[in-house]
Amino acid sequence: MNKHDELSGTLVLVHPQLLTDPAEKKNQIGIIASAEIENDNVIVSFGNDGQELFSADALLVLKKPGSIHFDTMQDHLKMTTKDFKDLLRVGMLANSNLTKDHRQAIEIARDNPVILAYSMASLEEELGLKQDYSLGR
């Protein structure tokens with residue numbers, strides 16, 4: 001039993017600024033099929049376009065809705081009204097239990113770098129793997 005099975009079914013966005021993209025999936029939305037985090041292998045399904053292997057830092061996931069909301073409110077004076085409203089919408093969609101709402105939130109974020117920065121983080125970051133590296137483990 002893989003300890004990261006809870007990731008299966010999670011919607012992800014392939015990082016828009018991915019440097020090496022042999023699968024040519026940059027900026028596409030997929031669903032995690034399986035993950036072996038200890039080997040940094042995440043298999044993402046793209047429906048009829050098959051499955052591809054990525055590392056956790058190549059994939060973006062929605063941040064927790066509370067975090068999106070908090071950061072949005074804290075920085076609202078720094079952003080345009082449209083970005084502010086879009087971020088509130090993304091936070092609401094991220095708070096839903098419906099996959100289609102999560103997909104819509106990612107689609108809104110994908111097309112706007114400001115919203116992307118506030119609402120999505122790398123899978124590596126969300127799993128807390130980044131800190132582990134800095135501790136020399």
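The values are calculated or read from the model by the stated rules, or taken from the named source; none is laboratory data. The shown structure was predicted, so the numbers you read here are calculated from the model rather than taken from an experiment. Here the Cβ is made from the backbone with ideal geometry for all residues, glycine too, and neighbour counts use every protein chain on show. Ligands, DNA and RNA are excluded from the accessible area calculation, which covers all protein heavy atoms including side chains. Shrake-Rupley method; radii C 1.70, N 1.55, O 1.52, S 1.80 Å.
The table below lists the values:
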quantity	calculated
The range 62-119 - Rg (one decimal) and Dmax (whole number), Cα, Å	10.1, 31
Candidate residues 72, 10: accessible-area rank, largest first, probe 1.4 Å	10, 72
For the chain, convex hull of alpha carbons as volume per residue, Å³	126 Å³
Test item: Cα-centred dipole of the range 62-119, Lys/Arg +1 and Asp/Glu -1 on Cβ, debye	100 debye
Rounded accessible area of residue 36 (nearest 10 Å², 1.4 Å probe)	80 Å²
Charge dipole (the range 52-120, unit charges on Cβ, about Cα centre) - positive-most of 104, 92, 119	92
Portion, in percent, of the accessible area of the chain that falls on carbon or sulfur, probe 1.4 Å	52 percent
Environment charge at residue 14 (Cβ cut-off 11 Å; Lys +1, Arg +1, Asp -1, Glu -1)	0
Student exercise, the chain dipole from Lys, Arg, Asp, Glu Cβ charges, in Debye to nearest 20	520 debye
Residue-normalised accessible area of the chain, expressed per residue, 1.4 Å probe, Å²	59 Å²
Cut-off under 5 Å, modelled amide H: who pairs with residue 34 long-range	43
Accessible-area ranking of 70, 46, largest first, probe 1.4 Å	70, 46
Value of relative contact order over the chain, rounded to a whole percent, pairs C-alpha under 8 Å and six or more apart	22 percent
